[in-house]
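Student: Take this structure first; my questions come after.
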Amino acid sequence: MTITGESVHGRPERSGPRPVLHTVDSALSSRVAFVVVLAVFTVMGLGFAGIFHVHVAAAPDERGHVWNILLYAERPLLAGPYLQHVDPSQLWMGELVRSPLYLYHYLMSFPARGALALGLDYEQVVFVLRAVDVLWAASGLIALRSLFRNAHVPASIGLLAIVATAFTGRFAWQAASVSYDAPAMAALFVFAAVAVRFVRGGGLRTLAWMAVAAVFALLMKYSQAPFVLAGGFFAVLLRYRADGWSWLRHPVQRAVEGVRARPGQSIVLLVIGGVLTALAVERFGLNLLQFHAVNPACTALHSRADCMDHAIFRRNYAASRARDLAEVNGALPAFAPLSFLWSWLTIYFQSLFFFWGASFPWRPNPAVVVFGASSAVLASGIALTQARRLLRDAALAWCAAVAATYTFAVLCFNAATMVNLGESYAFSGRYLLPAMPLAVVVVLVGIRTWLRRLRPRARSVAMAVVGVVLAALFVLYNPVSAFFPHAHSAAWYSGWGLDVLPRWLTGVES
């Protein structure tokens, strides 16, 4: 399926010869194009992983993640992932005994063990861990390709959406940092790919794999629950609208027949599903039963004085106390929804495409920001004019519904934080990365549908404009262009980075 030669549903349309457009479209639709994008992203990610100073990375909590990983790596190999006790001096890393985020640290402890066995120093171990996260992110791009293929999105459109994701600054920089974001998003994109296959007509086996992928995504990062819940809900809803409950009839008989037809796959499904379910019950289930929370407060297991060693607990406690005192003194400012929304939009947009952190903040060029924001708004507006046609396609409807629901959930969480603590904590574009490829592919298909409805001459002009805008956005917003013009301090770079990169690029005097 292509940009110019087929409809959303794959039917060829009548059009005159467009050799240039068809050549470009065929190139974008090829497997080679995807492999090139994947290779360039991986090389770029490994490059950033090497040149970022320890711990100057897109993940502000990278140091804590590294030390959590090393804590597991220094334990006996057969000790397993569960910690029964931690010394209070280790609470600066956060609550560890019942943390629902332990699985990432435990899995990453194995490459850390290998790096330590080779005698690598701390900075080299961090690079190894960053490199593994880059590979996690690359696997997420492969899952995205499967998602778009399962959704029957034209291959060229799917590739453009993958390029938009892979070469968004925050995605690339986050991948080159030690953080659970890259593997968590990879798991989430696998879940999305399976969910779309189910929407398209999958049976009970597909539904089972969707549940397994959902559990794994939550074990990697439980705060992805809004995405998983929305994805599961809309998958079942859209399938019901298409086929009713026919796919659910005689479940036991069909399950038995499925096991007999594919015994090997069934055993793999049962084993993986059983292990992940056991892990989820042990962590989420027991936490809910014992502490009435998926992620228990540090003070539920330790004293407040000990918990004060954890920076986030200390920050939130101070903000909560300040808010309570302001409320008692009648000095608590009223929540301003419009001001909050504008602040939320501007911070999320800039921190999604430009490096943004507490230690080394910068402000991007206003003209570049305005151009990008205006392009995004205009493209979304064009797609909205085609909403009725787009939403007839169940897979695109799923993508749009999940992206919108998840984004709204993030907005509500940030609003609650502002109301309860009076601070803009956790305002970061990284939290919208899971929804970004879904939204981008819907918008791109919407623009394609709009272009097909124009008269031939107007369509040619519009396609040229769209091509120029996409090229300009890539030049201005790719991770390299969005990083080096601003990072002109030696504090940004590792020793290896300063030795390898030219001075004209870093702006650092030798």
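Student: Rounded, prolate or oblate: which fits the stretch 236-341 when a ≥ b ≥ c are the square roots of the eigenvalues of the alpha-carbon gyration tensor, with rounded for a/c under 1.5 and prolate only if a/b beats b/c?
Tutor: In terms of gyration-tensor shape, oblate.
Student: Rounded to a whole number of µm²/s, how large is the Stokes-Einstein D of the stretch 381-446 at 4 °C and 1.567 mPa s, given Rh as the Kirkwood radius over C-alpha pairs?
Tutor: 100 µm²/s
Student: Sticking with this one: What translational D, rounded to a whole number of µm²/s, comes out for the stretch 257-414 from Stokes-Einstein when the hydrodynamic radius is the Kirkwood one over Cα pairs, at 20 °C and 1.002 mPa s?
Tutor: Stokes-Einstein gives a translational diffusion coefficient of 99 µm²/s.
Student: Turning to a different aspect of this structure: Ratio of Rg to Rh for the stretch 29-76, alpha carbon only, Kirkwood?
Tutor: With Rh from the inverse mean 1/r over Cα pairs, Rg/Rh is 1.21.
Student: May I pose another question? Please report, in debye to the nearest 20, how large the charge dipole of the chain is about its Cα centre when each Lys and Arg carries +1 at its beta carbon and each Asp and Glu carries -1 there.
Tutor: 2360 debye
Student: Of 481, 443, 218, which is farthest along the charge dipole of the chain in the positive direction, counting Lys and Arg as +1 and Asp and Glu as -1 at C-beta?
Tutor: Projecting each Cα onto the dipole axis, the largest value belongs to 443.
Student: Distance between Cα centroids, the stretch 163-226 to the stretch 416-472: provide it in whole Å.
Tutor: Cα centroid to Cα centroid, the span is 20 Å.
Student: Still on this model: Take the Cα atoms of the chain, build their convex hull, and give its volume per residue in Å³.
Tutor: 190 Å³
Student: Next question. What order do 236, 196 take when sorted by accessible area (1.4 Å probe), most exposed first?
Tutor: Descending accessible area places them as 236, 196.
Student: Next question, about the same structure. Normalised by the residues of the stretch 74-179, what does the relative contact order come to in percent, with Cα pairs under 8 Å and at least six apart?
Tutor: Relative contact order for the stretch 74-179 comes out at 23 percent.
Student: May I ask you to give the solvent-accessible area per residue for the chain, in square angstrom, as obtained with a 1.4 angstrom probe?
Tutor: So the chain comes to 48 Å² accessible per residue, rounded to a whole number.
Student: Can you send over the carbon and sulfur percentage of the accessible area for the chain, probe radius 1.4 Å, protein chains only?
Tutor: Answer for the chain: carbon and sulfur cover 66 percent of the accessible area.
Student: Related question: List the residues whose amide H sits under 5 Å from the amide H of residue 52, counting only those 5 or more places along or on another chain, with H placed 1.01 Å from N in the peptide plane.
Tutor: 494
Student: At residue 315 and residue 474, where each label point lies 7 Å from the Cα along Cα→Cβ, what is the point-to-point distance in nanometres?
Tutor: Spacing of the two 7 Å Cα→Cβ label points: 3.6 nm.
Student: What does the charge dipole of the stretch 95-205 about its Cα centre add up to, to the nearest 20 debye, if the Cβ of each Lys and Arg holds +1 and the Cβ of each Asp and Glu holds -1?
Tutor: 600 debye
Student: Right, another one. Residue by residue through the stretch 186-197, which ³J(HN,Hα) values in whole Hz follow from phi under the Karplus form 6.51 cos²θ - 1.76 cosθ + 1.60 (θ = phi - 60°), with glycine and proline marked x?
Tutor: For the stretch 186-197, the Karplus curve yields 4, 4, 5, 5, 5, 4, 5, 4, 5, 4, 5, 4 Hz.
Student: Oh, and also: Could you go through the stretch 277-282 in sequence order and give the Karplus-derived ³J(HN,Hα) for each residue, using 6.51 cos²θ - 1.76 cosθ + 1.60 with θ = phi - 60°, rounded to whole Hz, and x for Gly and Pro?
Tutor: 5, 4, 4, 5, 5, 4
Student: Each residue of the stretch 385-394 in order: what ³J(HN,Hα) in whole Hz does its phi give by Karplus 6.51 cos²θ - 1.76 cosθ + 1.60, θ = phi - 60°, with x for Gly and Pro?
Tutor: Whole-Hz 3J(HN,Hα) from phi for the stretch 385-394: 5, 10, 4, 4, 6, 5, 6, 5, 8, 4.
Student: Got a number for the accessible area of residue 216? Probe 1.4 Å, square angstrom, nearest 10.
Tutor: 60 Å²
The values are calculated or read from the model by the stated rules, or taken from the named source; none is laboratory data. Since this is a predicted model, take the numbers as computed values, not measurements. No Cβ is skipped: glycine too gets one built from the backbone with ideal geometry, and neighbour counts run over all protein chains shown. The protein model used for the area step is the full one, side chains on, heavy atoms only, and it has no ligands, DNA or RNA in it. Shrake-Rupley method; radii C 1.70, N 1.55, O 1.52, S 1.80 Å.
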